[in-house]
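Notes to accompany the following structure.
The values are calculated or read from the model by the stated rules, or taken from the named source; none is laboratory data. Here the structure is a predicted model, which means the values were calculated and not measured. Here the Cβ is made from the backbone with ideal geometry for all residues, glycine too, and neighbour counts use every protein chain on show.
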Number of protein chains: 2
Amino acid sequence: MATRTRRSQRRTEALSRERIVEAAVELLDAAGEGGLTFRALTERLATGPGAIYWHVANKSELLDAVTDAVVAAALAIEPAEPAESAESAESAESAEPSESVEPAEPSESADSPQEKIRAVALGLFDAIDEHPWLAAQLTAQLSRSPWGSVTPRIFESIGRQVRALGGTEGSQFTAASALVHYILGAAGQNAANGRGPGPDVDRGEFLDAASRAWQELDPDDYPFTRAVAEQMREHDDREQFLAGIDLVLTGITARHLSGGAAGASPVS
Amino acid sequence: MATRTRRSQRRTEALSRERIVEAAVELLDAAGEGGLTFRALTERLATGPGAIYWHVANKSELLDAVTDAVVAAALAIEPAEPAESAESAESAESAEPSESVEPAEPSESADSPQEKIRAVALGLFDAIDEHPWLAAQLTAQLSRSPWGSVTPRIFESIGRQVRALGGTEGSQFTAASALVHYILGAAGQNAANGRGPGPDVDRGEFLDAASRAWQELDPDDYPFTRAVAEQMREHDDREQFLAGIDLVLTGITARHLSGGAAGASPVS
DNA sequence: ACCTGAACACCGTTCAAGT
DNA sequence: ACCTGAACACCGTTCAAGT
């Protein structure tokens, strides 16, 4: 409602694909998937639809470009050099860490493959947290064209580190796929929790409501879900996300220890 | 093009929410996400839009109902009793199993929690394979309302088995979440591979093209992706999917063995 | 209570025309 | 080469009116 009549666009500046993508991201961030419209876009860029169609084939291509740009930025940001002193400026936000996850093992160096995988994963996690529309867009683009630029980008970032973990090429492919799948699935779900149905609903209320809804499920049909409903309210998204990453990493390294690919159950 | 004029609908049968959902599924299966239209729906059901809106609030609610119905069916089907003789009628389709994954360990009983988790996962996998639009729809609904009926349904199916695996309630929550995230992420991606950009493109060509595209990536920027491009063409989706599940399961059980929640690296 | 169907506002996309 | 803007086909949704 506030940022409507934003006219005085310097229409001197030539229209370009980048400017269009940039405006599209702003619209998506501001109003979600439904906010990106060729009409809104023309208004913001002070042109007509034809101008946009000259730079971009159609909406689907525009969305691909937007997705690619945001993902590329997210993956580029992983601080290649930690460099900084090891002050724990990491995740000291709200509420104490509770019990669910301990800090990383001291036995693991800061630039181990594991740590780099966590960094890449968090980069994507944060990108989706910042741009909630990204989750659905990633799924959509993966469906449209797995050979698009986004999939290889993500796959490569993870895969390189997986390779450093060793194992046969086959197990590396499996491991990298599993990590990417987990990341996309988890990030997608968290995009949900993070923003909720819209910017209008408060985050806390949202999780409270969800937790309450879960507690009111039929005890016979949903024993497990009811039992963990409490945790779902208290959990920290990032912590939980990283705990999942660690689970998969444990699986990967445990397999190597037990000698190459094998069945799933070292137990019973 | 063929199944167009399907008029002689017995309009005696009263319209109902179920019939609408049923028709919606058919349209989605036939023509993908874009195929579900209130106009197409009215034509198929031989009514007007008003009639549909009397049974269903809006398109978003209809999609939720459709998603819920399909997921519920998928989860209900998991063959509670294997019963059949152990003839290997499992996955003997095309191409020999190659090397990537061995059959499950003989040490694991057929109705172990692990095996049941695989069954649930495969149920969802197959549902998405059969209804490729489901993947995006799941993401969308999770974003819209995590308290909807779909999330608890899936979460419960997995969680019950996870509980049987033991561990603290906290680790169970983490484990179940990780599994669900992996399943949704992987299934989403596979919905892509399974159908490709449309029903018009052949499956084999599609994967070939993707593999080729990966092999032509810049060797400096994409060493890992290029290296595994070959596997991506040869891999069997279901096998790969199950291998990922097993990876997560290994992670879960390995953690229990090493004594409760811990860091991610039993190695170096 | 349940259904009809015209109408409305909005959307992606096209295209002849301008510079 | 790059942009304008009217126009087209289509979509979700509403609503007065019927039974």
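Observations, loosely collected:
- Subset of segment B:6-51 (residues that are modelled with pLDDT of 95 or more, of a type in the set (Ser, Thr, Tyr) and loosely packed, with under 15 Cβ neighbours inside 10 Å): B:Ser16, B:Thr37
For every residue, the table says whether it meets (1) closer than 23 Å to B:Ala191 by Cβ; (2) within 12 Å of DNA strand D (Cβ to nearest atom); (3) of a type in the set (Gly, Ala, Ser); (4) away from chain A (no Cβ under 14 Å).
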position: B:Ser16; (1), (2), (3), (4): no, no, yes, yes
position: B:Ile20; (1), (2), (3), (4): no, no, no, yes
position: B:Ala23; (1), (2), (3), (4): yes, no, yes, yes
position: B:Arg39; (1), (2), (3), (4): no, yes, no, yes
position: B:Gly50; (1), (2), (3), (4): no, yes, yes, yes
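- Filtered residue count, segment B:109-143, keeping only those that are within 13 Å of B:Gln161 (Cβ to Cβ), in a helix (DSSP H, G or I) and within 12 Å of another protein chain (Cβ to nearest Cβ): 6
- Any hit, segment B:90-101, residues being surrounded by 15 or more Cβ atoms within 10 Å (Cβ to Cβ) and either modelled with pLDDT under 70 or touching a helix residue (DSSP H, G or I) at 6+ places or on another chain (Cβ under 8 Å) (or both): yes
- Residue satisfying all of: in segment A:25-37; assigned to a helix (DSSP H, G or I) and within 14 Å of chain B (Cβ to nearest Cβ); nearest to DNA strand D (Cβ to nearest atom) among these: A:Gly34
- The test for being surrounded by 13 or more Cβ atoms within 10 Å (Cβ to Cβ) and near DNA strand C (Cβ under 8 Å from one of its atoms) holds for A:Leu62.
- If you filter segment A:52-71 down to residues that are touching a residue at least 40 places away in the same chain (Cβ under 8 Å) and within 16 Å of DNA strand D (Cβ to nearest atom), you find that the one that is nearest to the chain's Cα centre (by Cα) is A:Ala65.
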